[in-house]
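Peer 1: Sharing a structure here in structure tokens format.
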Amino acid sequence: MKLPAKRTVAEPTRWDPFEEIRKTQDRLSQLFEDHMPMGEWKGGKVFTPAVDIKEEGDNLVVTTDLPGINKEDIEINLKEDMLEISAKSGEEKETEEEGYIRRERSYTRFYRAVRLPTSVKEEGGSAKIENGILTIKLPKMQLEEPAKKIQIE
């Protein structure tokens, strides 16, 4: 008489909710990449330019590259400790020919929001764009109260 072969039972795997979240994020990222290549959105592109922030004495100096952008098309907002820089440029080629087969327009947006490392004042701030480089100078807020000592009993 032959005995049946011993069956091996695979250990049940434990459900990991974080693994499910990671897989869902991967699927969503792939979905967006498949349907919105190159960051295109409604016929335009949105770029996130690199931003440099440095301290120069009593000022914070923020620089970013905005090639081909006119100063009239740049908007700078300061909300508490957040600096928002947005810019747009567009080009439309118009032709007088009737029966045209193709007509194209391009639109580009730049947007960047950064948290500043220290509080700044709006008054006295300045900005300039030169050769496609935007430079923003913001005076740091000075604490008016000296540090208070606490005595140990």
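Peer 1: Determine ³J(HN,Hα), in whole Hz, for all residues of the range 108-120 in sequence, where each value follows from phi through the Karplus function 6.51 cos²θ - 1.76 cosθ + 1.60 and θ = phi - 60°; x replaces Gly and Pro.
Peer 2: 10, 10, 10, 8, 8, 10, 10, 7, 7, x, 8, 6, 10
Peer 1: Each residue of the range 75-84 in turn: what ³J(HN,Hα) in whole Hz from Karplus with 6.51, -1.76, 1.60 and θ = phi - 60°, glycine and Pro shown as x?
Peer 2: 10, 10, 10, 10, 10, 6, 9, 10, 10, 10
Peer 1: While we're looking at this one, here's another question. Starting from the amide H of ASN59, placed 1.01 Å from N in the peptide plane, find each other amide H under 5 Å away whose residue is 5 or more places distant or on another chain.
Peer 2: Answer set, sorted by chain and number: LYS140.
Peer 1: Peptides 104-114, 49-59, 17-27: what's the order by average Cβ count within 10 Å, highest mean first?
Peer 2: Going by the mean number of other Cβ atoms within 10 Å, highest first, we get 104-114, 49-59, 17-27.
Bear in mind these aren't lab numbers, they're just calculated from the coordinates by the rules spelled out. Computed from a predicted model, the values in this text were never measured in an experiment. For neighbour counting, all protein chains shown are included, and Cβ atoms are generated from backbone atoms with ideal geometry for every residue, glycine included.
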